[in-house]
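In what follows, a single structure is set out as structure tokens and then discussed.
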């Protein structure tokens, strides 16, 4: 139904030559009929517009143009409006005369379609006395859209038999028949339950271990049993936990958690009791959890200071001469990469540098044999960025072997070198595979790009022939580039698996196989601050530091086709950046939060930050840094017993993590 | 002297209004020393600078406005435009996180952000019409060489109304003086594209490399070598001519709008990039990236009458104030160098002032003239 509201849209005249003000023909306003509309989905109506000049005379020769935004409302050039989806819409109207222009808007309201269907889940027909289970109601409107904005009213036909609360939780009270109803905007769904006496006579609850430390995952198994000891699989079981932590203080976060698959983890040492309930039967199982005792200290060993520009990534390797070297990049500076002799970590010595046409050398990598270094270029003066291959067999005399920018002009933000190939992130859209078997003549042999709308890629890391790519909202995507699991090769990358990121911030992806046997991929966020407005002057030389946000997601890829996000590690006041894993130890740069060394042994669950897993933390304070006394950790790399760190504001650092000492009172 | 465009009239009105605010008659105002205000974007510094140039006392950076949203990312402010009423300035960010760029709308003077809309891949040059439509070319400088589009944004609401597909790597965005037509060029396709600025459809295309200049029929075709690589288009004040620098061809093309053919070619070594015609229509000011200089071309004779070295390498944009006396030139610099704004006196044909701004100065627009 149309509601035609007679209202004049008065519009100010737009820019016109001042000498023409008040003259005929200068458009001053557009009068649209109707001036506002209410249309139902599927309705059409044609707008009529008359343009008036500053003397309030109609300008019949004026041309009028209509536009709409998006695909929920269509308008053609003749002003014919077609309502396609519910919502508040606008038709934009423009008028042109030889003397000027005018602009107007017509608001159009399209009510959402009425509810067409309500569906209740779950839908078994039998319910046990004493049992409780939450139900959901899925509301779909006439356009097929699932609606989450409509209040659902739950009711039971016989509350003496079964009740239902406002959240859809049904509880069986006595034998009989009860109809559970969910009503949404007058549309009703109902489900008839036969409530029967529960056969459940006991609940058996067992744990996978009898002792644990904080952060250890314990598997609880709960089974509902009848009077013969037989399992009653259709009986729902609810698990919960109560805790008596050792250091209880006011306003603690929960000391432990257990999910409905029986996976338990404790954040606090103390006595924890898992409770299993099914159809009125209850079982308890208590477990004593002790502190994890992994904390240690970090000692500063040395610094290769870079204070006049900001440092980006690093790579540390053993050179062909047997000495140890590092290369660091520079960020929004003058296109330099620095080479360091770090054989004595207490005294990193810059032994050479290379300057290319760029403002940022964001990433630096080195071939497995230590002979070829690859640096990325962004901000080249000719906008041809790409990568530069360097002969770094002698890091004291690094020379340019070749540049490769064909198709990579948009800037290469990150690269990885693996078995004579460079995997280069191209313009944030895909990765290109460049063969560098002859580093003086690199050649592209393959590429991989997602096909999702608005897709983007940030980084790529290759292990065992699988490229682990980080793709913002597309999350982590595993690509076979030679592993063989999907028949892939460098020239024919084949997608293997994916885990999406609902937060849309996937910036890094690093795989590791835990000593527990689980295979995880760490999916690292990079998130800015609240972006309501432009940032200030943070991060400028001598100023105040930047700050980031975002955390590390741990995704269990043991079954690549069914990845599951199981844990996180966060530094609340900072955001994650580059990461490294050796054995069961995570080294994570958290920008303004410094570097964190974290015990990630065992199966992982929950928020690792609060499980006593942090071994050590390091914050680089350089009083004469680019930004003084401000840690801004870019990337860590453990190497030969030391941890090397690229610090954005102060260069290259070498530190050493002490052995953990457990103090026994 | 050719007829003034509406844009020029509005700038004159703005100047008069400013003088009036200071209780000066227009004659008195003219007797005072003017100060010219210019906004310039620095692509590798994520900032926009407000420049004040007073012929007697020199040039200075009055204010620096950060425009990046993302710490530790260079988002690349590229194109900058100030509509005729002078109330707002618009700047494109080449890319965001993850990839798509945006158009930002700020209030002039206060320099507060008042609007924002995400557009395509690397939105570059922007121009705003009297109908309050911003035309932004999605240059997609670095992506696959596939046709891109001109985004059309309703600036009161900052809603993108249309994306008009044009060609591969569109760049430059200027209106005809009556603002009924919009012009852009295609760096890879070597084309000039004319849009109806209200119907938002492509009206004509011109192959800038054809041996016999002609209007193109049908969809764009690809010039494999793109020997022209046009980077800009600007109209003459009377709207009868268009000027297109061929960045690779080292030439500036003069196009007869009615006949839609190239009628003259001005040699412009090397790598001409942006251009603007003086308000009297007599001279063409061309920035030359390659030679780091500014060429002044006498449009009557077709001769280059001056080549003025820029203060740094990679000369980028030009904006001429409405009186036509001064041209403001943005200069990028390379690597770690600062950017710069040079001021060229178009009567004396020499650089009269320069000031450092953030790295990779690019988009530049004249704001107003005041007396103080």
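A few notes on this one:
- Any hit, segment A:373-392, residues being surrounded by fewer than 24 Cβ atoms within 10 Å (Cβ to Cβ), away from chain B (no Cβ under 14 Å) and assigned to a loop (DSSP other than H, G, I, E, B): no
- Lone qualifier among A:335, A:329 - being within 14 Å of chain B (Cβ to nearest Cβ), on the phi > 0 side of the Ramachandran plot and surrounded by 21 or more Cβ atoms within 10 Å (Cβ to Cβ): A:335
- Test: residue in segment B:62-73 that is crowded, with 17+ Cβ neighbours inside 10 Å, at positive phi, modelled with pLDDT under 95 and within 14 Å of chain A (Cβ to nearest Cβ): yes
- Across segment B:227-250, not a single residue is classified as farther than 16 Å from residue B:184 by Cα and in contact with a strand residue (DSSP E or B) (Cβ under 6 Å, 6 or more places away or on another chain).
- Test: residue in segment A:288-298 that is more than 14 Å from every other protein chain (Cβ to nearest Cβ), buried (at least 24 other Cβ atoms within 10 Å of the Cβ), over 21 Å from residue A:580 (Cα atoms) and at pLDDT 95 or above: yes
- The set of residues from segment B:92-108 being assigned to a strand (DSSP E or B), more than 10 Å from every other protein chain (Cβ to nearest Cβ) and in contact (Cβ under 8 Å) with a residue 40 or more places away in the chain comprises B:92, B:103, B:105.
- Scanning segment B:49-91 for residues that are closer than 18 Å to residue A:427 by Cα and under 21 Å from the mean Cα position of the chain (by Cα) yields a total of 4.
- Residue selected from segment B:173-197 under the condition within 12 Å of chain A (Cβ to nearest Cβ) and within 11 Å of residue B:229 (Cα to Cα), by the criterion surrounded by the fewest Cβ atoms within 10 Å (Cβ to Cβ): B:188
- Any hit, segment A:592-601, residues being crowded, with 24+ Cβ neighbours inside 10 Å, in a loop (DSSP other than H, G, I, E, B) and in contact with a helix residue (DSSP H, G or I) (Cβ under 9 Å, 6 or more places away or on another chain): yes
- Matching residues in segment A:91-111 - criterion: being assigned to a loop (DSSP other than H, G, I, E, B) and within 12 Å of chain B (Cβ to nearest Cβ): A:98, A:99
- Only one of the numbered conditions (1) surrounded by fewer than 16 Cβ atoms within 10 Å (Cβ to Cβ); (2) part of a loop (DSSP other than H, G, I, E, B) is violated by residue A:215, and that is (1).
- Test: residue in segment B:130-150 that is within 12 Å of chain A (Cβ to nearest Cβ), closer than 16 Å to residue B:99 by Cα and at pLDDT 95 or above: no
- Test: residue in segment A:341-359 that is outside any loop (DSSP other than H, G, I, E, B), more than 12 Å from chain B (Cβ to nearest Cβ), in contact (Cβ under 8 Å) with a residue 12 or more places away in the chain and surrounded by 21 or more Cβ atoms within 10 Å (Cβ to Cβ): no
- Among all residues of segment A:102-115, there is at least one that is within 34 Å of the chain's Cα centre (by Cα) and under 30 Å from residue A:163 (Cβ atoms).
- Boolean, residue A:308 is surrounded by fewer than 18 Cβ atoms within 10 Å (Cβ to Cβ), assigned to a loop (DSSP other than H, G, I, E, B), touching a residue at least 60 places away in the same chain (Cβ under 8 Å) and within 14 Å of chain B (Cβ to nearest Cβ): yes
- Against the criterion of being more than 14 Å from chain B (Cβ to nearest Cβ), crowded, with 19+ Cβ neighbours inside 10 Å and within 35 Å of the chain's Cα centre (by Cα), residue A:274 qualifies.
Condition check ((1) within 20 Å of residue A:214 (Cα to Cα); (2) not in a loop (DSSP other than H, G, I, E, B)) across all residues:
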position	(1), (2)
A:233	no, no
A:242	yes, yes
A:254	yes, no
A:265	yes, yes
A:268	yes, no
A:276	no, yes
A:286	yes, yes
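- Of all residues in segment A:623-633, one or more are assigned to a strand (DSSP E or B), farther than 17 Å from residue A:510 by Cα, modelled with pLDDT of 95 or more and within 14 Å of chain B (Cβ to nearest Cβ).
- Considering segment A:32-90, there are no qualifying strands (runs of 3 or more DSSP E) wholly inside with 3 or more residues that are modelled with pLDDT of 95 or more, more than 14 Å from chain B (Cβ to nearest Cβ) and buried (at least 19 other Cβ atoms within 10 Å of the Cβ).
- Residue in segment A:572-584 that is buried (at least 24 other Cβ atoms within 10 Å of the Cβ), within 12 Å of chain B (Cβ to nearest Cβ) and in a strand (DSSP E or B) present: no
- Residues in segment B:109-123 that are within 11 Å of another protein chain (Cβ to nearest Cβ) and either surrounded by fewer than 19 Cβ atoms within 10 Å (Cβ to Cβ) or in contact (Cβ under 8 Å) with a residue 60 or more places away in the chain (or both): B:111, B:112, B:113, B:114, B:116, B:118.
- Number of positions in segment A:112-147 that are in a loop (DSSP other than H, G, I, E, B) and within 22 Å of residue A:277 (Cβ to Cβ): 6
The values are calculated or read from the model by the stated rules, or taken from the named source; none is laboratory data. Not measured: the values here are computed from a predicted model. Glycine gets a Cβ as well: all are built from the backbone with ideal geometry, and neighbour counts include every protein chain shown.
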